[in-house]
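**Student:** Can you read through this structure? Questions will come right after.
Any read-out appearing in this document is the output of simple, stated calculations on the displayed coordinates, not a laboratory observation. The structure presented is a predicted model; accordingly, all values stated were derived computationally and were not measured. Please note: Cβ atoms are built from the backbone with ideal geometry, for glycine as well, and neighbour counts cover all protein chains shown.
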Amino acid sequence: MAKMIVGGEHVAARDGAVMEIHNPATGEVVDTVPRASVEDVRQAVDVAYEAWRKWAETSAAKRAEVLYKTAELVRENIKEIATLETKEQGKTLRESQIECSRFAENLEYYAGLANKIRGEYVPLAEHDKYGLVVKQPVGVCAAIVPWNFPVSLMGNKIAPALVAGNSMVVKPASTTPLAAIRLVQLFHDAGLPAGVLNIVTGPGGVVGEELLVNPKVRKIAFTGETVTGKHVMEVAAREVKRVTLELGGSDPMIVCDDADLDAAASAASVGRFFNCGQACLAVKRLYLFDSIADTFLEKFLPKVERLKVGNGLSPDVRTGPLHTAKQREEVEEMVQEAIAGGAKPLAGAKRPEGEEYAKGNFYLPTVLVDVPPDARIVREECFGPALPVFRVKDLDDAIAQANDSQYGLGSSIWTNNIAKAREAAERIEAGYTWINNLHVAYDELPFGGFKQSGYGKEHGVEALDYYMESKSIVIATP
Ligand code: NAD
């Protein structure tokens, strides 16, 4: 049994309760983890509260050293951790390895910022006084992490939090705690003092809820569904806790008549179907200029058909299973509802057949045209391998449809015309616009949604601000 890590110790739930972790490709039990109670969470928060001041007083160089060393250990153990992630999450081993590498790179990025955090000297009207603005850590932070990128989305929170001098309690998704626990152990192996980083496993309604209400937790860093994020914000408001919310998305991709269609077709295929379509910034709506739509589809559809579906541990597999049976059902329902409304499938729209697929949550990469604009697959977030494709008459039409969504996470435009690219970048209501680029987040750039896709940013130097308070100090020099 894998255990939680609290105060540097591996611990079970006090009442001994456990949860099974299942492999989405085979249905087999991978391992069990503790099912924490509210008391278990309180203890972890108390331990983090005890630890944070000492960590805040630790030198920036020491904080950076721990993160650099952890990154090194992640790379040394990458095969083992990635395999664990594939077994619990379902994504391909290659995708898990990329995610673990990104985790390490993210730690190094923030480790490099540790000694660059600075405040301000502010002259005041009275000449014998001056002001300083200093940055202080917030205190105990909670990281609430979803199952689709259990490694990188945890890293996005831990790295800036620890560099800024906070302590943290991590709550991984109930179905993906194993790689996360292993990684938290590596921080300790790298010399992180006990209690600074803790991980508690259990259901969102128990573990997550206690983190939201516990008065010693001063900041919640949440990634998950928009509906859960709204709840997090409401509860956090009662104690005026700081929150950052990275929520759902329905990213539009626009392909113009002058685009490099081969590059765009590859990006649409990877962008929609990596991680079996279960990515917040996946391409979820594709808008093709009418004049190139047929040529684009001729290039795109063979790429989709070639994506081999199967167990993510097999080297030739490009798309693993959906994470849970429920997740597959939701995607199937959205696809079937669209077809009932007049949509036509050009690929997929069914489960793959054969013995190797019998026990996993597999679904074929799906492409739909003639989708009614009010179908749920357009209006809501489709978190799986299904892509609605639309024809648009010009850029105005494309941008209007792209913006017709409650979400505003990412977006892309494919064109060789700088004026069109600029117009789209300015007018699309989203936290990211990629121009002729795959939908991927960069460590160096702030990432976070507009509208109901989120509040606050992760990545970039900006993320640090969400883990620090600005304190004003006045110094009188009589
Ligand atoms: P989810 O909202 O169901 O769960 C996210 C986390 O919140 C889990 O750890 C869960 O246990 C916890 N949780 C559930 N109920 C809670 C409660 N009452 N109080 C506190 N915590 C609670 O989301 P999910 O299904 O795990 O993840 C998929 C969603 O995440 C998608 O909508 C996706 O777009 C979004 N996402 C967003 C980003 C981003 O950066 N914007 C990145 C990845 C995923």
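**Student:** Quickly rank 88-97, 223-232 as a protection proxy: mean count of other C-beta atoms within 10 Å, highest first.
**Tutor:** 88-97, 223-232
**Student:** Pop a pseudo-label 7 angstrom from the Cα along the beta-carbon direction at both GLU234 and LYS359 and give the gap in nm to one decimal.
**Tutor:** Label at GLU234, label at LYS359, 4.1 nm between them.
**Student:** Among 414-420, 158-164, how do they line up from the highest to the lowest mean number of other beta-carbon atoms within 10 Å?
**Tutor:** So the order, starting with the most tightly packed, is 158-164, 414-420.
**Student:** Cα axis of helix 290-306 to longest principal axis of the chain: angle in degrees, 0 to 90, nearest 10?
**Tutor:** 70
**Student:** Then there is this: Over 24 Å between Cα atoms, which of LYS230/LYS420; LYS284/LYS451; LYS171/LYS216; LYS79/LYS284; LYS308/LYS350; LYS157/LYS420 qualify?
**Tutor:** From LYS230/LYS420; LYS284/LYS451; LYS171/LYS216; LYS79/LYS284; LYS308/LYS350; LYS157/LYS420, over 24 Å: LYS230/LYS420; LYS79/LYS284; LYS157/LYS420.
**Student:** Now for a separate question. Excluding residues fewer than 8 places away in the same chain, name every one of the aspartates and glutamates whose C-alpha is closer than 14 Å to that of LYS3.
**Tutor:** Of all the aspartates and glutamates, those that pass the test against LYS3 - Cα under 14 Å, at least 8 places apart if same chain - are ASP15, GLU20, ASP31, ASP40.
**Student:** Grab the DSSP H runs of the chain that are 4 residues or longer, score each as -39,500 (n - 2.57), total them, divide by all residues and round the 222 nm result to the nearest 500 deg cm²/dmol.
**Tutor:** -12000 deg cm²/dmol
**Student:** Let me ask another. Report the calculated FRET efficiency for VAL213 and ALA325 (r = Cβ-Cβ distance, R0 = 25 Å), to the nearest 0.05.
**Tutor:** Plugging the Cβ-Cβ distance into 1/(1 + (r/R0)^6) gives 0.20.
**Student:** Continuing with this model, one more query. What is the Cα centroid distance between the stretch 294-314 and the stretch 73-94, reported in whole angstrom?
**Tutor:** If we compute the Cα centre of each part, the gap is 24 Å.
**Student:** Something else: What residues from the stretch 81-99 fall in the zone where the backbone N is under 19 Å from a label point 7 Å along the Cα-to-C-beta line of ASP316?
**Tutor:** 92-95
**Student:** Mind putting a number on the dipole of the stretch 251-442 about its Cα centre? Charges go on the C-beta only, +1 for Lys and Arg and -1 for Asp and Glu, and I need it in Debye to the nearest 20.
**Tutor:** I would put it at about 480 debye.
**Student:** Moving on. Sort 461-471, 272-282, 13-23 for me by packing, meaning the mean count of neighbouring Cβ atoms within 10 Å per residue, highest on top. Numbers along the way, then the final one.
**Tutor:** Values: 461-471: 18.5, 272-282: 26.3, 13-23: 15.8.
Going from most to least packed, we get 272-282, 461-471, 13-23.
**Student:** How much net charge surrounds LYS308 when only other residues with a Cβ under 9 Å from its Cβ are counted (Lys, Arg +1; Asp, Glu -1)?
**Tutor:** Net charge around LYS308: +1.
**Student:** Over the chain, what per residue volume does the convex hull of the Cα atoms give, in whole Å³? Don't jump to the answer; show the numbers that get you there.
**Tutor:** Details: hull volume 72.2 nm³, N = 478.
Spelled out: Cα convex hull of the chain, divided by residues, is 151 Å³.
**Student:** Which residues' amide hydrogens lie under 5 Å from the amide hydrogen of THR366, considering only partners 5 or more residues apart or on another chain, with H built in the peptide plane?
**Tutor:** Excluding prolines and chain starts, which carry no amide H, the hits are ALA349, ALA386, LEU387.
**Student:** Label ALA400 and GLN336 with points 7 Å out from Cα along Cα→Cβ: what is the distance between them in nm?
**Tutor:** Rounded to a tenth, the inter-label distance reads 3.5 nm.
**Student:** Considering amide H positions built from the backbone, and no H for Pro or chain starts, which residues 5 or more places from VAL170, or on another chain, come under 5 Å of its amide H?
**Tutor:** Residues meeting the criterion, in which the H sits 1.01 Å from N, are ALA143, ASN198, ILE199, VAL200.
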